[in-house]
Amino acid sequence: MKKLALLFTTALTGLSLSAAPTAFDFKDPKGVNAIQFHLDSLLEPIAGTAGGVSGAVSFDPANPAATTGRIVVAANSLKVSNTMMTEHLHGDNWLNVAQHPEIVFELGALTDVKTEGNTTSATATGKFTLKGVTKEISVPVRLTHLAGAFGKRINKPEVPGDLLVLRGEFTIQRGDYGIQPGRNEDKVNPEVRLTLAIVGGPAQG
Amino acid sequence: MSASDSAPATHPPGIPAWRIFLRLLGPFIALATFARWAASGYNRGWTKNRIETVKLDEITGIEYIEWQDAFIPGIELLSLGVAAGLLLFAVTFVPRRKIQP
């Protein structure tokens, strides 16, 4: 009887451990992570990237709806194909990166969760902070859980760990975040499209 | 052979050397700017000093952008170069001021 109780306890402990959410660190050692932005403007669209991605997401493949997390982008990592234009973008009139160094998305809840295989589609609702203005937004996201793929990605297959790929696309109005509201709309579209495709690896510690 | 054939080439009378120089330099600047712009792929956007290359992270399937330094003149540099060249050329046709005695 004692043996049975011990077996049961061990099985329960094992089950709870395997079902525990895993923390994923989105500071990618390979430097792949970036948010891409795109807005139409006079002459040609302005497109660029923001590579300074960090943050952590806690994800449980057995219960994706319980996902929590926070993704941070360093505002001064935004760059476009022209250095002068990049400096303008960082300046006081646009993002004012000196005063607002971080762009943050804080996940509040995942809704409409659908899982097929290792991919979960959902709507992520959370607080998006840009240039010091925080607004609640909903973003359609896709989370792909790649079990045991971390070591393979860093060319050390013996290293254990999973990967979590996060994809999404959404649109914001720059004026809502105090970026030249109502100004230069004939030259630079007020609508900014943001696309993210980022990967998180096992969090240290 | 006539006498005029063997005579050394002379500039039209009354055209100073600086006018001739600018008359050649102006079109050269305009053409060189156009040639540089055309050789870089007729970029009808703004000047770029880095270009993006799309790469694929094989394990995750993420397509990411890698920036590389490159100079691609845009429409504003083309306009500036051609305008400067034409201006230099045009300046050579401005009549000399007559000095009043």
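Quick notes
- B:A17 being at pLDDT below 95, more than 30 Å from A:T119 (Cα to Cα) and exposed (fewer than 11 other Cβ atoms within 10 Å of the Cβ): yes
- Within segment A:140-167, residues that are more than 9 Å from every other protein chain (Cβ to nearest Cβ) and closer than 17 Å to A:T115 by Cα reach partners that are among the acidic types (D, E) and surrounded by 13 or more Cβ atoms within 10 Å (Cβ to Cβ) with beta carbons closer than 8 Å, at six or more positions or on different chains, in the pairs A:P140/A:E169; A:H145/A:D162; A:A147/A:D162.
- Filtered residues of segment B:53-66 (kept if at the interface with chain A (Cβ under 7 Å from one of its Cβ atoms) and either among the hydrophobic types (A, V, I, L, M, F, W, C) or within 35 Å of the chain's Cα centre (by Cα) (or both)): B:I59, B:I62, B:I65
- Of the set (1) exposed (fewer than 14 other Cβ atoms within 10 Å of the Cβ); (2) small (G, A, S); (3) more than 14 Å from every other protein chain (Cβ to nearest Cβ), all apply to A:G126 but (1).
- The selection criterion, being part of a loop (DSSP other than H, G, I, E, B), closer than 16 Å to A:A197 by Cβ and out of contact with any Ser or Thr (no Cβ under 7 Å at 6 or more places or on another chain), holds for A:D28.
- Top-ranked residue in segment A:69-95 [being surrounded by 16 or more Cβ atoms within 10 Å (Cβ to Cβ) and without any contact (Cβ under 8 Å) to a residue 24 or more places away in the chain; ranked as farthest from the other protein chains (Cβ to nearest Cβ)]: A:H90
- Among the residues of segment A:168-188, those identified as in a strand (DSSP E or B) and within 14 Å of chain B (Cβ to nearest Cβ) are A:G168, A:E169, A:V188.
- Count of segment B:20-52 residues which are of a type in the set (G, A, S), assigned to a helix (DSSP H, G or I) and surrounded by fewer than 17 Cβ atoms within 10 Å (Cβ to Cβ): 4
- Evaluating A:K135 against the criteria (1) at pLDDT 95 or above; (2) surrounded by 14 or more Cβ atoms within 10 Å (Cβ to Cβ); (3) away from chain B (no Cβ under 14 Å); (4) out of contact with any Ser or Thr (no Cβ under 7 Å at 6 or more places or on another chain) leaves one unmet condition, (2).
- Looking only at segment A:46-68, residues that are at negative phi and either away from chain B (no Cβ under 14 Å) or in a helix (DSSP H, G or I) (or both) come to 14 in all.
- Of all residues in segment A:96-114, exactly one satisfies the criterion of being in contact (Cβ under 8 Å) with a residue 24 or more places away in the chain and at positive phi, namely A:N96.
- Count of residues meeting criterion [within 14 Å of chain B (Cβ to nearest Cβ) and out of contact with any helix residue (DSSP H, G or I) (no Cβ under 7 Å at 6 or more places or on another chain)] in segment A:195-205: 6
- Considering residues of segment A:27-45 that are within 8 Å of another protein chain (Cβ to nearest Cβ) and surrounded by fewer than 21 Cβ atoms within 10 Å (Cβ to Cβ) only, the residue modelled with the lowest pLDDT: A:L43
- Any chance B:T47 is away from chain A (no Cβ under 14 Å), free of Cβ contacts under 8 Å to residues at least 60 places away in the same chain and not hydrophobic (A, V, I, L, M, F, W, C): no
- Qualifying residue in segment B:34-41 (condition: touching a helix residue (DSSP H, G or I) at 6+ places or on another chain (Cβ under 6 Å), at pLDDT 95 or above and of a type outside the set (G, A, S)): yes
- Residue in segment B:82-94 that is more than 10 Å from every other protein chain (Cβ to nearest Cβ) and loosely packed, with under 11 Cβ neighbours inside 10 Å present: yes
- Boolean, A:G117 is touching a Gly at 6+ places or on another chain (Cβ under 9 Å) and more than 22 Å from A:N189 (Cβ to Cβ): no
The values are calculated or read from the model by the stated rules, or taken from the named source; none is laboratory data. Nothing here was measured: the structure is a model prediction, and the numbers come from that model. No Cβ is skipped: glycine too gets one built from the backbone with ideal geometry, and neighbour counts run over all protein chains shown.
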